[in-house]
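S.K.: Below: one structure in structure tokens.
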Amino acid sequence: MEIVNFFEKMAGRWFSQRTTHALSTQQSKAGKSDLEVEFLSPDSADVQQLCQEHAVEKSPLCGLRVQQSSTIEGDTKPKVMSTLIVPLAPEDSDAPILGGTLIRSGAKTRSCYALEDEVLTIASEEDGDRSTERLWFINDNLRMRTGLTELADGLRIASFCSEIRMGVKPPKPD
């Protein structure tokens, strides 16, 4: 599977259930999110604009617009955010598109991605904070996501999400 196919598969409405765990304090929190993920072609205006903002010279492969409304245990107000994610073509044009760089709206730096054995890994570093996120599909309507964030002050936070695609019709009986 190539990154474009993986991103296409991510499009849709999702319900996400998340647990985060601060490793140093041993405190955990639960949360939930509603996600709306839209697949964008590489020539869409939003993808092209983000590439210009990041002074990208490589070709974008596609884009994902992710709109998220999240609540975390103990918070009364949902946090609403929108992000645009764009994977860029790899340096070697003859290489299979299994890994490379991606850019995000609202981020100053670029992230690295790798797609191996149908698991997408995204590694980012910004202002001394580092994060690694892994995403994979159990089936077309269920995906898993894990993350590890290491903050500049030494705090380490692990997370696990299970995400269910919403509005899916059941398979037709034979």
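S.K.: As an exercise: evaluate residue 59 against (1) over 17 Å from residue 145 (Cα atoms); (2) of a type in the set (Ser, Thr, Tyr); (3) at pLDDT 95 or above and give the number of the one condition it does not meet.
M.R.: (3)
S.K.: Could you list, in sequence order, the residues of the stretch 41-56 that are assigned to a helix (DSSP H, G or I) and more than 18 Å from the chain's Cα centre (by Cα)? Don't jump to the end; show me each part of the working.
M.R.: Quick first cut of the stretch 41-56, residues assigned to a helix (DSSP H, G or I) only: 45-53.
Scanning the stretch 41-56 gives 45, 48, 49, 52, 53.
S.K.: Next up: Quick one: in the stretch 57-78, which of the residues that are in contact with a helix residue (DSSP H, G or I) (Cβ under 9 Å, 6 or more places away or on another chain) and of a type in the set (Gly, Ala, Ser) is nearest to residue 106 (Cα to Cα)?
M.R.: Only one residue fits best here, namely 63.
S.K.: In the stretch 4-25, what residues are of a type in the set (A, V, I, L, M) and more than 16 Å from the chain's Cα centre (by Cα)?
M.R.: Within the stretch 4-25, 22, 23 meet the criteria.
S.K.: When both residues are 6+ apart or on different chains and their Cβ atoms are under 6 Å apart, which pairs have a first residue that lies in the stretch 121-134 and is under 15 Å from residue 153 (Cβ atoms), and a second that is surrounded by 14 or more Cβ atoms within 10 Å (Cβ to Cβ) and polar (S, T, N, Q)?
M.R.: Cβ pairs passing all conditions: 131/124; 131/149.
S.K.: Name the residue, out of 97, 122, 103, that is at pLDDT below 90, surrounded by 14 or more Cβ atoms within 10 Å (Cβ to Cβ) and of a type in the set (Val, Ile, Thr).
M.R.: The conditions single out 97.
S.K.: Going by the structure shown, is residue 75 of a type in the set (D, E, K, R), at pLDDT below 95 and either over 22 Å from residue 118 (Cβ atoms) or crowded, with 18+ Cβ neighbours inside 10 Å (or both)? Talk me through it step by step, then tell me what you get.
M.R.: Numbers: of a type in the set (D, E, K, R): yes; at pLDDT below 95: yes; either over 22 Å from residue 118 (Cβ atoms) or crowded, with 18+ Cβ neighbours inside 10 Å (or both): yes.
Against the criterion (of a type in the set (D, E, K, R), at pLDDT below 95 and either over 22 Å from residue 118 (Cβ atoms) or crowded, with 18+ Cβ neighbours inside 10 Å (or both)), residue 75 qualifies.
S.K.: Determine which member of the set 117, 140 is on the phi > 0 side of the Ramachandran plot, loosely packed, with under 14 Cβ neighbours inside 10 Å and at pLDDT below 95. Before you say what the answer is, go through the steps one by one.
M.R.: Working: 140 fails: on the phi > 0 side of the Ramachandran plot.
Result: 117 is the single residue among 117, 140 that is on the phi > 0 side of the Ramachandran plot, loosely packed, with under 14 Cβ neighbours inside 10 Å and at pLDDT below 95.
S.K.: So which residues in the stretch 1-40 are out of contact with any Lys or Arg (no Cβ under 8 Å at 6 or more places or on another chain), exposed (fewer than 12 other Cβ atoms within 10 Å of the Cβ) and not in a strand (DSSP E or B), if there are any at all?
M.R.: Selection gives 25, 26.
The values are calculated or read from the model by the stated rules, or taken from the named source; none is laboratory data. Owing to the predicted nature of the structure, the values given are computational and were not obtained by experimental measurement. We place every Cβ from the backbone using ideal geometry, glycine too, and count neighbours over all the protein chains shown.
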